[in-house]
Amino acid sequence: MSANTAEKIIRMANQIAMFMETKPHEEGLAGLANHINDFWEPRMRTQLFALLDQGGAGLRPLVIEAAGRIRRPQAA
Amino acid sequence: MKDFIIPDDRDFGTPASKSKTMVTLTIDGFDVTVPEGTSIMRAAAELGISVPKLCASDNLEAFGSCRLCLVEIEGRNGTPASCTTPVAPGIKVKTQTGKLKELRKGVMELYISDHPLDCLTCGANGDCELQDMAGAVGLRDVRYEAPPEGRLANHFAPRETSGLANPEWLPKDDSNPYFTFEPSKCIVCNRCVRACEEVQGTFALTIEGRGWDSRVHAGAATDNFLTSDCVSCGACVQACPTGTLNEKSVIDIGTPEHSVLTTCAYCGVGCQFKAEMRGDELVRMIPYKHGKANHGHSCVKGRFAYGYAAHKDRILNPMIRASINDPWQEVTWDEALTYAADRMKALQEKYGRQSIGVITSSRCTNEETYLVQKLTRAVFRNNNTDTCARVCHSPTGYGLGQTFGTSAGTQDFDSVEHCDVALVIGANPHSAHPVFGSRLKKRLRHGAKLILVDPRRTEMYEGPHYKAAHHLALKPGTNVAILTALAHVIVTEKLYDEAFIRTRCDWDEFQDYMDFVAEERHSPEAVEAFTGVPAAEVRGAARLYATGGNAAIYYGLGVTEHSQGSTAVIAIANLAMLTGNIGRPGVGVNPLRGQNNVQGSCDMGSFPHELPGYRHVKNPEVRAIYEKAWGVEIDPEPGLRIPNMLDAAVEGTFKGLYCQGEDILQSDPDTKHVAAGLAAMECVIVHDIFLNETANYAHVFFPGSTFLEKDGTFTNAERRINMVRKVMAPRAQYADWEVTQMFANAMGADWNYTHPSQIMDEIAMTTPSFAGVTYERIETLGSVQWPCNEKAPEGTPLVHVDGFVRGKGKFIRTEYVATDEKVGPRFPLLLTTGRILSQYNVGAQTRRTANVVWHDQDVLEIHPHDAEDRGIRQGDWVRLASRSGETTLRAEITDKVSPGVVYTTFHHPDTQANVITTDFSDWATNCPEYKVTAVQVAPSNGPSEWQEEYNAQAALSRRILAAE
Ligand code: SF4
Ligand code: SF4
Ligand code: SF4
Ligand code: FES
């Protein structure tokens, strides 16, 4: 994944997190995971997991915390 | 087309009365019962009796100047004008007596004595009310004649009988590209002036002088139609009973002989028109009186700008090429379809099922859009479908879905007649939705208040007889802060509607929301520093919105095209719920959609995550419906959105695209990235009427059909499904839906639709909110607003009337997050974009019509201070640069924009405004952030390097070799 792509994925995930952070914690956590599950196609989720699997540097804590609830795409 | 009969569109003379009290009277011995306040003329028309008239028309208030419509009333003196005399219980009216006949003949004789008698060669011959009335009153001779020598007493002869020039004669005004004004034929009935005032609201026309000297004039003394304020809506031309104001197309072709009812293909207002034809030649478009969105009005685009359909740039043959550096090769349909299908199949074999996809069009019909998404889901077997609506209104779908439970506006346009306060935010209906703009202005002239939230002082801000009560001229990108501050005032000053909230919304969520907005940091005072809006203005606007009566919010792309677009839509929904402004006429949340079928393309399942009717692909019950109907398995994972397709193309995993009726290279942000994505694909199929900009990167071109060449439906911003009817054969042989079907079949499908109505039947069968929709029903009712099903067989004008679709309305916190797009020393100004009246979207159509006389290039609006700082003068070439790219255009110095803000439109490809815009987007939907880009502006000598490179590439790529 290019640095450019990583930057984009991080920005987009964090944007969602910033909205979800204003909700009660549990609702926000579920909201973030559902949002990514509902709208991000497998390719993007794979890219997100690639970042998460390396520790998720740059991602907001809510994204990291929600990782377990985000559907991991099957390896293509 | 033949079997459709246009319903009664007689002119009843005066507008219908809205009174509920009924009055019975007798006219010519027949009893008639009509609402109180109806004119005698209209009551007679209800009976089928047309009283002669010249100055009256049922879309205008009665004026009473021509004195032709006289009647006698038993027991009353004199001969009152039937257009200005209201009915009264029990009166006995006579419309035809010896005395009336004499009087009318006398009136007509006077008119005709000052009118040229060149009827046979007049453009209005056969379509002239003066002619008709002369016949109706039995006028047989005209006794007045000018003395053989000396002064003439008329307006129509260029020379007096003495040979001298007649000072009363005025030459024809040909300045408007679409209609002429020939003063010598004017009978000064005032209809045009009233149409311009009452219907259009522009007040461009006046009557100068009195009596014999009175003349119609456009604008000031030195103006003609083109230089006046006239916006060329055509209302006056329609109103004119003579040949004075006449369409040039009628003068050129002759009068039409049949007409077909259809719907404008330009904007989301969805005006209905009669396409008036002679054979298969379109003579003119006349806005249809019973069109429920437009009630007989139109704007310059729908009324006149249809010439693109016959433009020489239309591509009429399919074309292919191996590489984008080759010239195009014209081929037969068969060859093109096979070529395209083979390439796409090979791509899927080599790169996988997910490697290709489609883009549906917001300009094509519902049926066509449905087929294109079906193509990807059922034939390509993935969910890679997206639409241009992504780049405009996807946040509306998300925001209203979350809060209310439906993804559409809550009202019909008629609702505006009951509105007391209109909050218009990020929308400029004057330019982008002109017919709705006229209706809103009419309401404002009659006393409704306007709150305008826009970085720019748009044309909506003030007009004849109204001015905005508040203009919140916020910094681009701060919508959420302002909307939350409005809510802060409503909550802390206790202006909210507690009863509504308790019954209709979730009370706990409201409590939480209340705690949030009440925080001091959301107060108008706290946000003033970065929104740039004085706190007092915000407080005033909030009080007016909450307490001014029926308050409606109208919003547009200025809300959605931001990194917080979805949050702003939620904030708007919160405001409406807070104040109970939902669920009745005059209130609501109304997204103004850009293109004609943005609503429809969203409804039809164009988005990669949802099947038609906004149902997520993850739901097995929904998939089951389509799996049964289509006989294939449906992918449960969301597919690629447009930006994802482009990213994936650059990464090398997305290889083929079928793009119908969209020009993503011009309309999508960050042109360079779009170009790189397209260039990386191995098969791009463009299906359009012109070689658009995207086609520069295409390998296959399918020529498209215009709205005049096919049957189908469009859905406007009020969820109204309107009929589009074929008025001529497709110039490139096939309607777009037929092409998609042939392509699907070439890919291995077995589709056998023979008419779009069958596609609609399939939509109705599979989509609950469309369950009751059939072509038959639309024909009978004229149009239908979805949801239309068992519960609402005639459709639904207002939604959320007794309860929200999702159950309880949901308040959601709306934290303001500043966009990452920030001004700094390199890019100190904020660019925001918009559109103007005479041009449409990327301009592919309107640029190919005479509308260019009003807008031949995009200009950059800049505040005098910013201009002076940079040494820029009016009309100079300037370089506009952002971190994405740069372009050049001319400067227009104006204080419509605030210091620090610049503004441009994006109608011309040469401007390449999207070279400047960045790839930042809405957090929820990836709707691009068109409305905020940090830029720098500097003087320049001419086109940028990119523009020149681009034009060279485009010229190379557009070469066509004809078929041998
Ligand atoms: S075309 Fe429309 S704006 Fe122009 S003068 Fe006629 S009514 Fe007024
Ligand atoms: S231009 Fe036509 S509508 Fe206007 S006053 Fe003259 S005759 Fe009447
Ligand atoms: S462009 Fe819009 S407002 Fe103008 S005629 Fe067409 S639908 Fe109506
Ligand atoms: S139509 Fe009544 S006075 Fe002209």
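What follows is calculated from the coordinates using simple rules that are stated; it is not laboratory data. Everything numeric here is computed off the predicted structure, so don't read it as measured data. Virtual Cβ from ideal backbone geometry, glycine too; neighbours counted across all protein chains shown.
Using +1 on the beta carbon of Lys and Arg, -1 on that of Asp and Glu, and nothing else charged, what's the dipole of chain B about the Cα centre, debye to 20?
1460
Give me the orientation-averaged projected area of the Cα convex hull of the protein assembly as shown, in nm², one decimal.
For the protein assembly as shown, the mean projected area of the Cα convex hull comes to 44.1 nm².
Using only the alpha-carbon atoms of the range B:172-217, report the extent along each of the three principal axes, biggest first, to the nearest angstrom.
Between the extreme Cα coordinates on each principal axis of the range B:172-217 lie 29, 24, 13 Å.
For each of B:V559, B:V51, count neighbouring Cβ atoms within 10 Å of the residue's Cβ, then give the residues from fewest to most.
So the ranking, lowest neighbour count to highest, is B:V51, B:V559.
Any idea what log10 I(q)/I(0) is at q = 0.06 Å⁻¹ for chain B, Debye with uniform C-alpha scatterers and no solvent?
Computed log10 I(q)/I(0) values: -0.45.
Restricting to Cα pairs below 8 Å that are 6+ residues apart, what does the relative contact order work out to for the range A:3-69? Please round to a whole percent.
Averaging sequence separation for qualifying contacts and normalising by length gives 43 percent for the range A:3-69.
In chain B, if the dipole is taken from +1 on Lys/Arg beta carbons and -1 on Asp/Glu beta carbons about the Cα centre, which of B:V598, B:A938, B:H418 is farthest to the positive end?
So the residue furthest toward the plus end is B:H418.
Over chain B, calculate the relative contact order: mean separation of alpha carbon pairs under 8 Å at least 6 apart, over the residue count, as a percent.
13 percent.
Can you compute 3J(HN,Hα) from phi for each residue in the range B:929-934, using the Karplus curve 6.51 cos²θ - 1.76 cosθ + 1.60 with θ = phi - 60°, rounded to whole Hz and x for Gly and Pro?
Result, rounded to whole Hz: 8, 5, 8, 9, 9, 6.
Two decimals is fine: what is log10 I(q)/I(0) at q = 0.15 Å⁻¹ for the range B:175-285, from a Debye sum with one equal scatterer on every Cα and no solvent?
-0.70
Pop out the ³J(HN,Hα) list for the range B:483-490 in order, Karplus 6.51 cos²θ - 1.76 cosθ + 1.60 with θ = phi - 60°, rounded to Hz; leave Gly and Pro as x.
My calculation for the range B:483-490 gives 5, 5, 5, 4, 5, 4, 5, 4 Hz in order.
From the P(r) of the range B:1-119, can you give the percent of Cα pairs sitting at distances over 20 Å?
45
I'd like the Karplus ³J(HN,Hα) series for the range B:715-731: coefficients 6.51, -1.76, 1.60, θ = phi - 60°, whole numbers in Hz, and an x wherever there's a Gly or Pro.
The phi angles translate into 10, 8, 5, 9, 6, 8, 8, 10, 7, 10, 10, 5, 10, 8, 5, x, 5 Hz.
Which whole-angstrom value gives the distance between the alpha carbon centres of the range B:666-715 and the range B:867-895?
So the two Cα centres are separated by 30 Å.
Given chain B, what percent of its DSSP beta bridges are antiparallel, to the nearest 5?
Antiparallel bridges: around 55 percent, rounded to the nearest 5.
When the helices in chain B are scored as -39500 (n - 2.57) per DSSP H run of 4 or longer and the sum is shared across all residues, what 222 nm value do you end up with, to the nearest 500 deg cm²/dmol?
Using -39500 (n - 2.57) per qualifying helix, the result is -8000 deg cm²/dmol.
Check cross-link reach from B:K494 to the lysines: straight Cα distance under 22 Å, and skip same-chain residues fewer than eight apart.
Within the straight-line limit of under 22 Å, B:K494 reaches these lysines: B:K449, B:K808, B:K810.
Residues with amide H under 5 Å of B:Q785's amide H, sequence separation 5 or more or different chain, H placed in the peptide plane at 1.01 Å from N; which?
Under 5 Å from the amide H of B:Q785: B:I721, B:T796.
Can you give me the Kirkwood hydrodynamic radius for the range B:704-813, using every pair of distinct Cα atoms, in Å to one decimal?
15.9
Need one number for the range B:758-822: average projected area of the convex hull over its C-alpha atoms, nm².
Directional mean of the projected Cα hull area for the range B:758-822 stands at 8.0 nm².
For B:S39, B:S249, what's the fewest-to-most ordering of other Cβ within 10 Å of each Cβ?
Placing the least packed residue first, the sequence is B:S249, B:S39.
In what order do A:H35, B:H393 fall by count of nearby beta-carbon atoms within 10 Å, going from fewest to most?
Starting with the residue having the fewest Cβ neighbours, the order is A:H35, B:H393.
If each Cα of the range B:857-900 is one equal point scatterer, what is log10 of I(q)/I(0) from the Debye formula at q = 0.24, 0.27, 0.34 Å⁻¹?
The computed values of log10 I(q)/I(0) come out as -0.83, -0.99, -1.22.
Return the percentage of antiparallel bridges among DSSP beta bridges fully within the range B:685-745, rounded to the nearest 5 %.
Beta bridges within the range B:685-745, antiparallel portion: roughly 50 percent.
Nearest 20 debye, what's the magnitude of the dipole of the protein assembly as shown about its Cα centre given +1 on Lys and Arg Cβ and -1 on Asp and Glu Cβ?
It comes to approximately 1080 debye.
The range A:3-69: Rg/Rh from Cα coordinates, Kirkwood Rh?
Over the Cα atoms of the range A:3-69, Rg/Rh equals 0.93.
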